[in-house]
Structure formats: structure tokens, C-alpha cells
Amino acid sequence: QVQLVESGGGLVQAGESLRLSCAASGSTFSFDSFGWYRQAPGKQRESVAALTSGGTTTSADSVKGRFTISRDNAKNTVYLQMNSLKPEDTAVYYCTTDATDTRTYRQRRYWGQGTQVTVSS
């Protein structure tokens, strides 16, 4: 079974930085891609950034130039570096992975538990 464990959330002031981490585990799975989503209360969940197995990255227009996604393949860990944080970045942040079960070759999307990021003005 795939498990995603997120960490690094917290309370910061506008203009400060934060780095989120997400460690993936699952002995019978390969992790094909990673992504970060966020959701504020009463708002739709939105994609923040994504990273494919080939190293291609994408990010939402609202965070371009401020957020960067990266990975450590040896640790099966993905990071989200968040700089110049704004109050509107306040949300629960979720990491995802599209993982392939090597026993069945079926790919599914898995979600972490979420970590709270609060940016005060």
C-alpha cells in the first residue's frame, strides 16, 4: 500500500518562506509523478505544481516565480519550496503521487493527509 507523509507546514508572516516535504513509501510500487494541491475552506481544490517522472515541472500562474517543486529520487521524496508567501497562499496543502503497482501494472493516484500553511498579513 502507498503512503504519503507530509511535513513542513506552519504559521509564517507574509514575505517569508516555507518548505514542504512529502515522503512516499510502498515496497511494491513505483512512483511515476508527484504533485501538490491546496484547498482553502469553502474554495475549490487547485493544482499548485507537478513534476513528472521525466523531470518536467509545471506550476499554477498564481505561484510562478515564487514556488518550486523538486524531488529526491533516492528518498522518494518531493518538496515544495515556497518563497514570498502571501496571505492568499493560506490553505491545506496536499501532495499526490501517480503510482504503479508492479504486481498488476495498474496506476492510481494517492493523496497525503495534508499539511496546514497559514500566512499572516
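The values are calculated or read from the model by the stated rules, or taken from the named source; none is laboratory data. Given the structure is predicted, the values throughout are model-derived calculations rather than measurements. Don't worry about glycine lacking a Cβ; one is built from the backbone with ideal geometry, like all the others, and counts go over all protein chains shown. Note: areas computed on protein heavy atoms with side chains; ligands, DNA, RNA excluded. Shrake-Rupley method; radii C 1.70, N 1.55, O 1.52, S 1.80 Å.
Quick notes
- All positions within the range 95-121 that are touching a helix residue (DSSP H, G or I) at 6+ places or on another chain (Cβ under 8 Å) and assigned to a strand (DSSP E or B): Val117, Val119, Ser120
Residues are listed down the side, and each one gets a yes or a no for (1) open to solvent by less than 60 Å² (accessible area, probe 1.4 Å); (2) touching an Asp or Glu at 6+ places or on another chain (Cβ under 6 Å); (3) modelled with pLDDT of 95 or more:
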residue: Gly35; (1), (2), (3): yes, no, yes
residue: Pro41; (1), (2), (3): no, no, no
residue: Glu46; (1), (2), (3): no, no, yes
residue: Val63; (1), (2), (3): yes, no, yes
residue: Thr68; (1), (2), (3): no, no, yes
residue: Tyr94; (1), (2), (3): yes, no, yes
residue: Tyr105; (1), (2), (3): no, no, yes
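- Of all the listed residues (Ser47, Ser53, Ser62, Ser121), the sole one being farther than 14 Å from Leu20 by Cβ, of a type in the set (Gly, Ala, Ser) and touching a residue at least 60 places away in the same chain (Cβ under 8 Å) is Ser121.
- Selected residue [under 16 Å from Val5 (Cα atoms) and either among the hydrophobic types (A, V, I, L, M, F, W, C) or assigned to a helix (DSSP H, G or I) (or both)] from Val63, Val92: Val92
- Meets criteria (under 18 Å from Arg108 (Cα atoms) and open to solvent by 60 Å² or more (accessible area, probe 1.4 Å)) for Gln1: yes
- Asp89 being open to solvent by less than 50 Å² (accessible area, probe 1.4 Å) and over 16 Å from Arg19 (Cβ atoms): no
- Residue check: Arg71 meets all listed conditions (1) touching a helix residue (DSSP H, G or I) at 6+ places or on another chain (Cβ under 8 Å); (2) assigned to a strand (DSSP E or B); (3) of a type outside the set (S, T, N, Q) but one, namely (1).
- Residue match in the range 49-57 (condition: exposed (fewer than 12 other Cβ atoms within 10 Å of the Cβ) and either in contact with a helix residue (DSSP H, G or I) (Cβ under 7 Å, 6 or more places away or on another chain) or assigned to a strand (DSSP E or B) (or both)): no
- Scanning the range 74-86 for residues that are open to solvent by 20 Å² or more (accessible area, probe 1.4 Å) and either closer than 20 Å to Arg108 by Cβ or of a type in the set (A, V, I, L, M) (or both) returns Ala74, Asn76.
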